[in-house]
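To keep things clear, I will list the structure first and then write my remarks on it.
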Amino acid sequence: MSKRLRKPIKKEKDFSDKIIKILSQSANKAFNYKQIGAKLELDDTQSRNQIIKDLKILAASKKIIESEPGKYLIKAESKEYYEGTIDMTGRKTAYFICPEFEEDVFIPSNNLNHALDKDTVKVYVYNKRSGRRAEGEVIEVIERYKTDFVGVIDIQKNFSFVSTANPKMYTDIFIPKDKIGEAEQGDVVLVHIEDWPSRADSPFGKVVKVLGKPGEHDTEIHAILAEYGLPAEFPIEVETFAQKIDTSIEASEIAKRRDMRDTLTFTIDPKDAKDFDDALSFKQLENGNYEIGIHIADVSYYLEEGTILDDEAFQRATSVYLVDRVVPMLPEVLSNFACSLRPQEEKYTFSAIFEITETSKVVNQWFGRTVIYSDQRFAYEEAQYIIETKDNTIPVDISITGSSYVVSDEIVAATLKMDQLAKIFRRNRMNEGAISFDKVEVKFNLDAEGEPEGVYFKISKDANHLIEEFMLLANRKVAEYIGKQKKTFIYRIHDEPNEDKLIAMQNLIAKFGYKIDFRNKGDISKSLNALMEEVNGKKEQNLIDTLAIRSMSKAKYSTDNIGHYGLAFDYYSHFTSPIRRYPDVMVHRLLQYYLDGGKSVDEELYETKCLHSSTMEGLATNAERDSIKYMQVKYMQNHNDQEFLGVISGVTEWGIYVEIIENKCEGMVRTRDIKEDYYTFDEKQYALVGANSNRLLQLGDEIYVKVKNADLVKKQLDFNFIKRNE
């Protein structure tokens with residue numbers, strides 16, 4: 001008689017970690033071995049005996065307490081769970097970020113338990129004292145970072161799924177049939193996660209908005225905004241409110257302000273600018289010094305606290321500059337008209353006025369509300385022409401008016417003198433340890449349909465630096481004025497660079513023969529400036545500029561002033577762009593309040609506002625970056641038969657990133673697609689190494705590539721390797 005074979009029971013080494021996790025989740029409740037077995041879905045004798053054994057061992061080691069015979073609860077001081085945030089890797093695994101751990105805790109994919117990227121979670125951590133890398137398991141999602149996602153809908157007979165292009169979103173979203181709305185098969189949609197049942201593989205959601213068909217220009221731009229929770233338009237009630245604001249210039253209001261209408265005043269902005277935040281005025285004083293006014297649109301005069309318009313502006317916190325459009329913080333009636341310092345118009349402004357010597361020393365200052373009249377509007381190109389040629393006839397090829405025109409001798413003289421003073425300010429800043437980041441900006445020439453016709457690069461020149469230096473002067477002096485009074489204020493702060501990031505950067509730039517001096521804070525800034533100057537105009541400039549910026553801490557808003565490392569300022573704020581940044585509006589309000597003798601305001605309240613402003617700034621920056629990447633992919637889609645020379649900008653085990661030299665578009669060559677040899681990744685050399693030839697593909701190498709695939713939805717370029725540039 002044959003014996004019946006029993007299916008072997010899967011035996012674990014022990015259940016200690018899972019027992020502690022269960023008891024930790026219900027810290028004040030006692031469990032017996034049967035209840036724990038039920039939680040673990042184990043009811044066989046062997047597993048139950050193992051649970052009993054593990055409970056006794058844990059109690060003996062005083063990690064848990066036997067509160068009554070056979071019942072156990074977690075010992076208060078032995079709780080092994082922590083709160084923090086999830087950082088997904090894009091490979092369905094994650095890291096748990098928590099201040100209590102020096103190194104991030106690894107979370108395997110089967111331990112995520114429905115946590116998504118940037119969620120606030122409670123995690124059970126194990127291995128943290130064993131010398132091995134700490135690992136963890138999510139036991140509770142405390143707060144979702146986001147519940148709205150953009151993706152493409154796949155409609156089946158009785159249900160649908162939405163899949164996203166975000167590599168960190170590891171699951172699709174289940175949409176019941178009655179929650180599809182007006183979506184059609186293949187539409188790009190915005191969905192809201194409503195629930196994620198414990199035993200469900202995917203979260204349950206509903207379609208909130210249909211954005212359009214994949215690949216269509218407006219669809220993809222609106223998808224970028226929706227992905228970051230940024231609005232594409234103003235609510236009708238906000239637009240209506242803005243339209244009713246009295247924007248006339250009244251004599252009664254002028255009487256309350258310093259009248260600067262007779263002082264020479266002009267603006268210098270990008271050629272395609274629609275709103276003009278700032279203007280400069282210039283006057284030579286009898287003592288030989290110069291009175292220079294930095295005049296900023298007085299947005300706070302129109303934007304009254306507590307209104308729906310102010311609430312909307314605060315929620316947005318910033319304008320968003322996408323590759324083909326601006327999503328403004330304020331409705332057009334204010335941003336492009338009432339507040340914009342347009343030429344030959346009187347405007348209300350908030351001003352910082354300085355008496356400055358021939359050597360750029362500030363000997364007097366005044367802050368307050370003014371009224372100005374802008375005599376002239378210049379594009380940066382026009383102002384640059386004046387600086388370079390000292391000529392007063394602007395040629396038609398750079399003119400914003402579309403024809404050649406003559407500038408007054410008075411304006412030419414003022415521009416040249418302010419350029420001289422700005423150069424001294426800049427030199428002094430660099431000597432004090434400021435870092436010069438003049439990163440090349442990629443811009444596109446677009447046709448009427450928003451299609452990219454060409455790529456060009458925006459480079460900062462003397463005219464840009466002229467405006468920059470006087471804006472920095474106003475921002476610094478306003479912050480210094482309030483900061484020295486020890487009153488609550490909104491600062492723009494920038495911490496010292498992270499040493500680990502600098503070391504990582506050094507390892508990469510060493511491949512190009514460059515190095516950074518780490519001996520002290522001053523040496524780092526001087527070394528970075530020397531590096532920026534050395535790489536200027538070279539093929540690796542954009543890569544190294546990007547690496548340097550990434551090595552820096554992120555600037556942010558705070559009431560806690562720690563100074564601004566990158567600018568080498570002890571005091572710094574944002575005062576000069578209230579049309580596009582809400583913190584500047586708050587700075588105007590606080591400055592006027594303190595000028596009127598007000599007492600220090602609630603620091604905690606304003607710190608909360610700072611945090612919100614910094615968060616929204618980050619989202620806007622991500623959206624702007626995605627829109628550029630989208631347009632680069634779109635541009636390359638139209639050049640898929642062309643060979644391009646590129647420089648290797650990154651090396652990974654799965655391939656190399658290549659940045660095309662002539663247009664800065666970046667894409668990937670997969671290792672498997674390089675046919676000249678069989679390549680493997682060498683981490684020590686940070687290179688791909690050919691198995692047969694032993695040749696390297698490493699950072700800085702020039703190779704020819706061709707477009708293999710241009711995915712507009714994923715905003716992703718794949719290249720084919722053609723040959724080396726030898």
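The values are calculated or read from the model by the stated rules, or taken from the named source; none is laboratory data. Keep in mind that this is a model prediction, so the values were computed, not measured. Backbone-built Cβ (ideal geometry, glycine too); neighbour counts: all protein chains shown. Each accessible area value is taken on the protein alone, full model and side chains, heavy atoms only, with ligands, DNA and RNA left out. Shrake-Rupley method; radii C 1.70, N 1.55, O 1.52, S 1.80 Å.
Numbers below:
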{"item": "Subset of 256/361; 274/714; 274/538; 213/675; 29/56; 271/539 violating a 26 Å alpha-carbon distance limit", "result": "256/361; 274/714; 274/538; 213/675; 271/539"}
{"item": "Percent RCO, i.e. relative contact order, over region 313-399, from Cα pairs under 8 Å lying at least 6 residues apart", "result": "19 percent"}
{"item": "Dipole axis of the chain (+1 Lys, Arg; -1 Asp, Glu on Cβ), positive-most option in 97, 413, 590", "result": "97"}
{"item": "Separation in nanometres of the label points that stand 7 Å from Cα toward Cβ, at residue 529 and residue 398", "result": "2.6 nm"}
{"item": "Region 598-613 residues near the modelled residue 486 label - backbone nitrogen below 17 Å, point 7 Å along Cα→Cβ", "result": "598-603"}
{"item": "Whole-angstrom gap from region 360-385 to region 171-233, using each part's C-alpha centre", "result": "47 Å"}
{"item": "Carbon + sulfur, % of accessible area of region 197-283 - ligands and nucleic acids excluded, 1.4 Å", "result": "50 percent"}
{"item": "Residue-by-residue Karplus 3J(HN,Hα) for region 685-691, coefficients 6.51, -1.76, 1.60, Hz, glycine and proline x", "result": "8, 6, 8, 8, 10, x, 5"}
{"item": "Contour excess over end-to-end distance, with Cα ends at residue 213 and residue 35 and 0.36 nm allotted per residue", "result": "58.9 nm"}
{"item": "Highest average packing first - 273-284, 40-51, Cβ atoms within 10 Å", "result": "273-284, 40-51"}
{"item": "Region 668-676 - phi-based ³J(HN,Hα) in whole Hz, Karplus 6.51/-1.76/1.60, Gly and Pro as x", "result": "10, 9, 5, 4, 5, 8, 8, 8, 6"}
{"item": "Packing rank of 603-613, 684-694, 419-429, 578-588, where each peptide gets the mean count of other beta carbons within 10 Å, highest leading", "result": "578-588, 419-429, 603-613, 684-694"}
{"item": "Rounded percent of accessible protein surface that carbon and sulfur make up, region 560-710, 1.4 Å probe", "result": "44 percent"}
{"item": "Cα-based reach from residue 244 at 19 Å (exclusive), listing aspartates and glutamates while leaving out same-chain residues under 8 positions away", "result": "233, 253, 298, 304, 305, 310, 311, 312, 332"}
{"item": "Pair residue 307, residue 676: separation of 7 Å Cα→Cβ label points (nm)", "result": "6.4 nm"}
{"item": "Å² per residue, accessible surface of the chain at 1.4 Å", "result": "50 Å²"}
{"item": "Calculated from backbone phi, Karplus (6.51, -1.76, 1.60) coupling profile of region 137-152 in Hz, x at Gly/Pro", "result": "9, 5, 10, 7, 8, 6, 8, 6, 5, 8, 10, 10, 9, 9, x, 9"}
{"item": "Region 361-469 - percent of accessible surface contributed by carbon and sulfur, probe 1.4 Å", "result": "46 percent"}
{"item": "Relative contact order, percent, region 336-478 [alpha-carbon distance under 8 Å, six or more residues apart]", "result": "18 percent"}
{"item": "Long-range HN-HN contacts of residue 455 with modeled amide H, under 5 Å", "result": "445"}
{"item": "Local electrostatic count, residue 271, Cβ distance below 13 Å [Lys/Arg +1, Asp/Glu -1]", "result": "-1"}
{"item": "Total formal charge among the other residues, if their Cβ is under 15 angstrom from that of residue 149, Lys/Arg +1 and Asp/Glu -1", "result": "-2"}
{"item": "Dipole moment magnitude, nearest 20 debye, region 390-430 about Cα centre, only Lys, Arg, Asp, Glu C-beta charged", "result": "460 debye"}
{"item": "Protection proxy ranking, peptides 380-386, 459-465, average beta carbon neighbours within 10 Å, highest first", "result": "380-386, 459-465"}
{"item": "Aspartates and glutamates whose Cα lies under 17 Å from that of residue 146, excluding same-chain neighbours fewer than 8 positions away", "result": "87, 117, 119, 172, 194, 195, 227, 617"}
{"item": "Radius 12 Å from Cβ of residue 452, net charge of other residues (Lys, Arg +1; Asp, Glu -1)", "result": "-3"}
{"item": "The chain, relative contact order in percent, only Cα pairs under 8 angstrom and at least six apart counted", "result": "8 percent"}
{"item": "Of 629/708; 458/556; 477/515; 18/92; 461/708, those spanning more than 27 Å from alpha-carbon to alpha-carbon", "result": "477/515; 461/708"}
